[in-house]
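What follows is one structure encoded as structure tokens, with my remarks underneath.
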Amino acid sequence: QSVREEDGRALLEMLEALRQGAQSSTAISVRILAAGDHDGVCAAKILVSILHNKGVKYTVVPVAGNTEIIEHLQQLEEDAEVRSLVLLNCGGSLNLQQQLEECAAPANLRCFVIDAHRPFLLANLSKHADRVFVYDDDPRLGGRPPVDEDDDDEADDGARGAGEEAPEEGEERALDDAGQARQVERKRKREADRQVRMERKRQRVNEYYLSSYCAMPAAVSLFKMARQAALASQDLLWAAAVSLVGYHEQGLLGKLEYERLAWEELKEAFDRTDEDLSLSMPPTAPGDADTARDPGTQGSDDESSLATSRRRLRSSANEMRQLRWDTDFRLLMYKHWTLEESMNHSGYFYGAMELHRDKGVRALKNFFATAGIPPGDYRQLYSCMPLPIRKSMKNRFSEFGKAYGLSKDKMFLQQFVLDRGPLGDAKHALWLKEISSSDASYMLFALLSFIPNELSNFRLDLLPQTEGGRRDTAAISDLERQAMRDNFWRAFDMVLCKDPSSLREGVEQAIEVAKAVQAMGRFVKDTNAMRKSSRFHWCKIEQPPAIFRHYLSVRRLAVWLLQVLYTHRPKGEVVERPLLIMVRDQVRESYLCVGATPSHLSDDKDEFAHLFRSVLRADRSLKYRYDFLDKSCIEVAADDFDRFWELLSDSAE
């Protein structure tokens, strides 16, 4: 169902279906399978707030791939109380109707899919998938092949056949040679036309699956649902904003498309929020991960007191004043770090000023001197800088940056900024009271990609082993799934930026990841590890830090290298191409491959998914894992990697 028709009314109908399914049961009727990425976290935060307000009982289960979705469907065979399965930012590439039948899921179970990943599996869009409801919110909708065209063709052929005159029963009818020839010719022509239509459809289907991209974030679509249900609030708008800017920071959404969506989907809603709040009460949302995981979660009691309503309206209005639409720096974590370190770890500034070179370091010092920012200020935390410098920093960068190759258009990004106030935190040095949506997305990436010590590649001797002394891959997979779930709930607790301890952890983790990405990027540059093929650049890393065991960190590295070496490189003579990073995972004895495409190429689409599928079709004996929700990621067994790479290189020629 298209979300872009009738101002997203389909989402309101989905919410009503979830509510109706819960009315006839006192048990948990809604299961939410949320992707273990930043959009899955933000979307889950919004949906649980809406369901909580509507009194619908639910539970949330984080998933990392299609395999976990199938395993969950198998468990539902024994749970007839679940009426609705909601898949957030996942499920669009899995044949859900088929899986529901094969897993013997309850007959009354319905699947509701809100997924930003494209392309959708066409089988999920078929009229035969009567238990699957896919909500398509794609601003670039178009070019999708007809889903049920074969059925229409067969019906047309049947109608043509029925229209031919047939003899009545027992009647003898003699056809002359000319009549028989005309009949044969008509049949031959119909068959030829059908073959042409089938070939045309095959070509359109192949083109449809050729490239992958990200459409509207699931969290932004759910914010539309909240607006339709008159439940829009500052918290939900913030979660949607963090989700949207996160796609841009991961290189999955170009700047122009990001700004267009931010203005059309969020900024306009923000401008109308004060008026909306004067007409309706904001939702009362569950505050933390424990509440969202609690099987007894349900809506709040009805509060009809006029005094309570007024307090809520005043509180919500005050919250709305804390959120603002601003043109803020594209400086990574600069309000929670030193200005010098932030510039040294931000892709645009690092690449444009060539900070990997001595002359770039000297240029940075000269820039600070010219802008009137002394070393004692740019080398201390933002919160400790003099107030006049903090207030005039944007003007100083705009005025003096051009002489050092800095563009005002690229130094800043229009985004939402949240001012929560002191939050009862005694440690003000990290400036936790004010968070940009961009920095919040980096905190989510860092929390979601955290690798616990027991899964580090530096302590391989501590990994689980079988009785025979071999590495226990099943036990390792169980540990990784538990780590994924733990990471999801830590990110879930942090995303609204209300808890100072979660914020501190997010800031610290984001800075650690930034340091690791910059250090690895410098290593790749200094060792000339970057190579090129006819269609993409590539880099193979044999001994990475443990943090690069997670695909989100590898994607961060790929985007960083694209920005520093190509996109923002001054006097760039190098042709900008997609980039493939291949990282050795010693724990799983495999290579993790992540592709990234410059945002201005192919309308934010990439073809790595198509290349990976071509290789897997060419050699079906390869051992691999291609279960990532992001189809530009694949994991290949170390023993088979050489064959995989040879086939991939041939496919790219």
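The values are calculated or read from the model by the stated rules, or taken from the named source; none is laboratory data. As the structure is a prediction and not an experimental result, all values here were calculated from the model. Cβ placement follows ideal geometry from the backbone for every residue including glycine, while neighbour counts extend to all protein chains displayed. What goes into the accessible areas is simple: the full protein's heavy atoms, side chains included, and nothing from ligands, DNA or RNA. Shrake-Rupley method; radii C 1.70, N 1.55, O 1.52, S 1.80 Å.
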> the range 49-98 to the range 1-36: how many Å between their Cα centroids?
Replying inline: 12
> When ligands, DNA and RNA are left out and all protein chains stay put, how many square angstrom of accessible area per residue does the range 535-601 have with a 1.4 Å probe?
Replying inline: 35
>> Within 10 Å of each candidate Cβ there may be at most 11 other Cβ atoms; applying that plus a DSSP loop requirement, which trypsin sites (Lys or Arg not before Pro) in the range 392-485 survive?
In response: LYS427, ARG470
> So if R0 is 30 Å, what FRET efficiency would LYS365 and GLU259 give, r being the distance between their Cβ atoms, rounded to the nearest 0.05?
Replying inline: 0.40
> How many nm separate the modelled label positions at ARG140 and LEU460, each set 7 Å beyond the Cα in the direction of the Cβ?
Replying inline: 4.1
> Expressed in nm to one decimal, what extension gain is obtained for the pair HIS610 and TYR208 from 0.36 nm per residue of sequence separation less their Cα-Cα distance?
Replying inline: 143.7 nm
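What is the percent carbon and sulfur in the accessible area of the range 1-139, measuring with a 1.4 Å probe over the protein chains and ignoring ligands?
43
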> What is the spin-label model distance, in nm, from ALA638 to GLN322 if the labels are put 7 Å beyond Cα along the C-beta direction?
Replying inline: 4.8
